[in-house]
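Single-structure report; data block below.
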Amino acid sequence: MKFLTTNFIQCAVKGCQSSDSSFPLKYEECELVAETQEFKPEFLVHMLEKINWSALVQVARDLGNDNLPTEKPELDPIMEDDVLILKDLHNLLVETNILNGKMICNNCGHIYFIKNSIPNFLLPPHLCN
Amino acid sequence: MKDYLIYFAQAYPNFRRAELESLAHYHGINIDLSHHSETSPFLIVQLENDEQARKIMERSVLSRGIYELWGQGNTLEELHQSVKDNDNGKFELYNKSSFKFDFIGYMGRRNNKQKFEMIESFQFLAFEGPIRMKNPDEVYTILEEYEVMDREKATTPIKMWFGREIQLSARCNNVLDKYDLKSRKYIGTTSFDAELALVTCNIAEVGPKKIVYDPFTGTGSFLVAASNYGGLTIGSDIDVRILRGKGDVNIKSNFKQYGTTTEFLDILTMDFTNNAFRQDFFIDTIVCDPPYGVREGLKVCGAKNEEKAAGRENVVINGEKAHLRRDFIQPKKPYELSNLLDDLLKFSASRLPVNGRLAFWMPTANDDFEINQIPQHENLELLYNLEQEFNKWSRRLLVYVKRDEDYKGVTKNGLKENNIKNFRDRYFRGFSEKSK
């Protein structure tokens with residue numbers, strides 16, 4: 001699972017849908033791998049517009065990265081300095097994969113697992129619907 | 001406005017208009033296709049310029065090419081006259097360009113000697129540019145329609161057109177060979193054929209920078225098709241095994257095979273009815289082939305027998321709650337297709353942006369299908385209902401568009417309201433009267 005994907009997902013339990021604390025999930029015991037991907041600055045700029053930045057910062061912190069600025073940066077791929085930042089973001093969002101780990105809902109405490117890079121959101125019967 | 005001639009492929013004629021209309025709409029081009037006929041592969045349309053023609057043709061799967069129309073006639077003489085009459089200084093414009101001639105015959109064709117004579121007969125164009133068989137500046141195409149009576153070979157065309165080639169389609173550039181399931185490394189029993197998957201993505205207006213979601217990913221047939229058009233793809237499926245694949249052969253490796261890894265976002269194991277995407281996650285387009293349960297019964301998470309399962313959430317193994325352990329396998333229960341489609345429409349209505357499209361395939365039995373069985377949602381307008389017919393059943397590509405608050409549609413579960421039997425049950429009983 002790409003680091004970027006952590007910004008898309010929350011707890012699957014219906015009762016948690018409206019709770020602010022069900023997103024982002026809390027990431028624990030994560031095994032990370034780097035996977036080389038082509039650098040596409042336009043893609044990142046496009047994604048940045050849609051990303052929930054504070055959730056990104058929070059998850060990065062869970063995974064031991066304290067380097068992200070607290071405010072979402074405004075980046076222009078034509079500016080040289082911005083390209084350096086975009087490369088860092090590319091490295092974090094696209095190339096960093098969570099191979100195995102736990103995702104915990106801060107609202108209900110349910111634990112989801114990431115196995116072989118695929119997150120599993122299937123729910124036990126008592127938490128369905 | 002200028003006249004252009006479209007030459008269609010001989011495949012899924014009832015899907016052609018929807019595909020071209022959608023491609024035009026995607027590019028913000030107005031085109032009138034109301035005179036399109038499913039029985040003729042030739043269609044004259046009006047467009048503003050070559051650029052528009054290029055845009056609507058480039059991605060097309062069910063067309064072959066588009067030509068700037070220089071003339072038409074029922075005989076060669078008429079064609080010559082028509083081309084001369086429509087000159088308007090065109091000949092002069094391409095006077096020095098390198099060129100070649102090409103021939104397209106529908107239901108008949110000419111031998112090389114006849115072709116040569118034909119090219120000679122257009123000497124009045126007085127082109128001075130060199131003839132180049134490879135990469136010429138311009139390709140002039142003579143398109144002919146023949147009529148076959150009984151079993152005799154047709155020798156004289158009934159209609160002829162002369163055009164300057166503007167753009168050949170994705171089909172003519174071998175997109176179908178490229179995505180052919182036979183050469184795809186990771187496929188399964190539910191893999192969706194490439195041609196219709198690509199058509200689905202065209203009608204759904206998949207494109208660069210758009211997030212495309214397939215909630216029933218399977219082996220990723222729609223995801224790779226969407227990535228061909230630049231869509232940023234994300235998929236989910238309840239079956240982790242199919243997402244995982246075998247060793248290095250999986251959905252991700254298919255993207256590698258096609259050189260579209262940058263269009264692959266991720267895949268998640270997820271029960272669509274217990275969805276984990278955050279409420280404001282930006283999905284632009286949804287394309288899918290929901291599991292109608294022929295290969296396997298349709299399932300979602302939950303206990304088959306709730307009474308028996310009661311209290312199991314308290315089971316503890318090695319000091320841990322069983323359902324919170326890494327190796328816990330979530331039980332599944334059967335689910336009805338009608339409810340799943342309902343969920344799909346509801347989800348799409350709440351998550352798609354205004355003008356975003358939902359495209360999915362629905363199976364129907366031919367002996368009891370009526371239009372009111374098609375599920376509806378008050379915020380979604382049904383744009384297309386395109387049928388691919390088999391012997392006793394059909395599958396339909398249903399395409400909806402999300403409308404704004406001013407749109408007032410109806411919400412209904414057509415399958416349920418009409419007491420339509422589970423498709424799977426009817427399928428396995430050969431669609432007999434008794435199984436209705």
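The values are calculated or read from the model by the stated rules, or taken from the named source; none is laboratory data. These numbers come from a predicted model, not from an experiment. So basically every Cβ, Gly included, is an ideal-geometry build from the backbone, and we count neighbours across all protein chains shown. To get the accessible areas, we keep the full protein, side chains included, count just its heavy atoms, and leave off ligands, DNA and RNA. Shrake-Rupley method; radii C 1.70, N 1.55, O 1.52, S 1.80 Å.
B:Thr285 sits among other residues whose Cβ lies under 9 Å from its own Cβ, and their net charge, with Lys and Arg +1 and Asp and Glu -1, is 0. Annotation: extensible slack from B:Glu306 through B:Lys185 equals 39.5 nm (criterion: 0.36 nm per residue apart, minus Cα-Cα distance). For the range B:334-436, chymotrypsin sites (Phe, Trp or Tyr not before Pro) meeting the loop criterion (DSSP other than H, G, I, E, B) and having at most 14 other Cβ atoms within 10 Å: B:Phe390, B:Tyr407. Take B:95-103, B:192-200, B:47-55 and order them by the average number of nearby Cβ atoms within 10 Å per residue, most first; the result is B:192-200, B:47-55, B:95-103. The reciprocal of the average 1/r between distinct C-alpha atoms defines the Kirkwood hydrodynamic radius, which for the range B:241-329 equals 17.0 Å. Kirkwood Rh, the protein assembly as shown, all Cα pairs: how many Å? Averaging 1/r across every pair of different Cα atoms and inverting gives 26.6 Å. Computing FRET efficiency as 1/(1 + (r/R0)^6) for B:Glu389 and B:His35, where r is the C-beta to C-beta distance and R0 is 30 Å, gives about 0.80.
The separation of the range B:100-129 from the range B:387-423, counted between C-alpha centres, amounts to 49 Å.
Note: relative contact order over chain A, using C-alpha pairs below 8 Å and six or more positions apart, is 39 percent. The antiparallel fraction among DSSP beta bridges confined to the range B:2-168 stands at about 75%. Overall, the anisotropy analysis places the range B:301-436 in the oblate class: the square-rooted eigenvalues a ≥ b ≥ c of its C-alpha gyration tensor yield a/c not less than 1.5, with a/b not exceeding b/c.
The mean count of C-beta atoms from other chains within 10 Å of the C-beta of residues in A:21-33, rounded to a whole number, is 1.
Taking a ≥ b ≥ c as the square roots of the eigenvalues of the Cα gyration tensor, an a/c ratio of 1.5 or more together with a/b no larger than b/c marks the range B:128-201 as oblate. For chain B, the Cα-based Rg and Dmax, in that order, read 26.1, 92 Å.
Net charge near B:Glu195, counting Lys/Arg +1 and Asp/Glu -1 over other residues with Cβ under 15 Å of its Cβ? Every neighbour counted, the sum reads +3. Computed from Cα atoms, the angle from the helix B:194-203 axis to the main principal axis of chain B rounds to 90 degrees.
Inter-chain neighbour count for B:317-326: the average number of beta-carbon atoms from partner chains within 10 Å of each residue's beta-carbon is 3. Going by Cα centres, the range B:1-67 and the range A:74-129 are how many Å apart? Value for the Cα centre distance between the two parts: 42 Å. Taking the alpha carbon gyration tensor of chain A, multiplying each eigenvalue by 5 and rooting it gives semi-axes of 28, 16, 12 Å, largest first.
Ordering B:Ile31, A:Asn120, B:Ser121 by the projection of their Cα atoms onto the charge dipole of the protein assembly as shown, which places +1 on the Cβ of Lys and Arg and -1 on the Cβ of Asp and Glu, puts A:Asn120 at the extreme positive end. Rolling a 1.4 Å probe over the heavy atoms of the protein chains gives the range B:251-322 an accessible area of 44 Å² per residue. Within the range B:1-155, all pairs of alpha-carbon atoms sorted by distance into 10 Å bins from zero give the percentages 9, 36, 36, 18, 1. The simple spin-label model puts a point 7 Å past each Cα toward its Cβ; for A:Asp66 and B:Val294 those points are separated by 5.9 nm. The Rg/Rh ratio for the range B:162-213 is 1.06, where Rg is the radius of gyration of the alpha carbons and Rh is the Kirkwood radius. Inter-chain Cβ neighbour count for A:8-14, averaged per residue, equals 6 (cutoff 10 Å, partner chain atoms only).
Estimated from the Cβ-Cβ distance and a Förster radius of 22 angstrom, the FRET efficiency linking B:Lys84 and B:Lys2 is about 0.80.
Between B:Ser82, B:Ser191, B:Ser22, the residue with the greatest mean-square fluctuation in the GNM of chain B (Cα pairs under 10 Å linked by springs) is B:Ser82. Modelled spin-label separation between B:Glu405 and B:Asn173, with each label point placed 7 Å from Cα along the Cα-to-Cβ direction: 4.3 nm.
Quick check on the range B:89-147: take the gyration tensor over C-alpha atoms, sort the square-rooted eigenvalues as a ≥ b ≥ c, and tell me if it's rounded (a/c under 1.5), prolate or oblate. The shape class here is prolate.
Computed across the range B:37-105, the Kirkwood radius stands at 14.3 Å (inverse of mean 1/r, all Cα pairs).
Using a 1.4 Å probe over protein heavy atoms, the accessible area lost on pairing B with A, summed over both chains, comes to approximately 3700 Å². Over chain A, accessible surface divided per residue gives 46 Å², non-protein components excluded, 1.4 Å probe. Percent antiparallel among DSSP beta bridges with both residues in the protein assembly as shown, to the nearest 5? Among the beta bridges of the protein assembly as shown, antiparallel pairing accounts for roughly 75 percent. Among beta bridges identified by DSSP and lying wholly in chain B, the antiparallel ones come to about 70 percent.
Loop-located GluC sites (Glu not before Pro) across the range B:353-436 with a Cβ neighbour count of 11 or fewer within 10 Å are B:Glu370, B:Glu405, with loop assigned by DSSP.
If you average the C-alpha positions of the range B:233-274 and of the range A:38-73 separately, how far apart do those two centres end up, in angstrom? Here the two parts' Cα centres lie 23 Å apart. So, counting K/R as plus one and D/E as minus one, what does the shell of residues with Cβ under 14 Å around B:Ala309 add up to? In short, +2. Estimated from the Cβ-Cβ distance and a Förster radius of 41 angstrom, the FRET efficiency linking A:Ser19 and B:Ile371 is about 0.50. Loop-resident trypsin sites (Lys or Arg not before Pro) (DSSP state other than H, G, I, E or B) in the range B:365-419 with no more than 10 further Cβ atoms inside 10 Å of their Cβ: B:Lys408.
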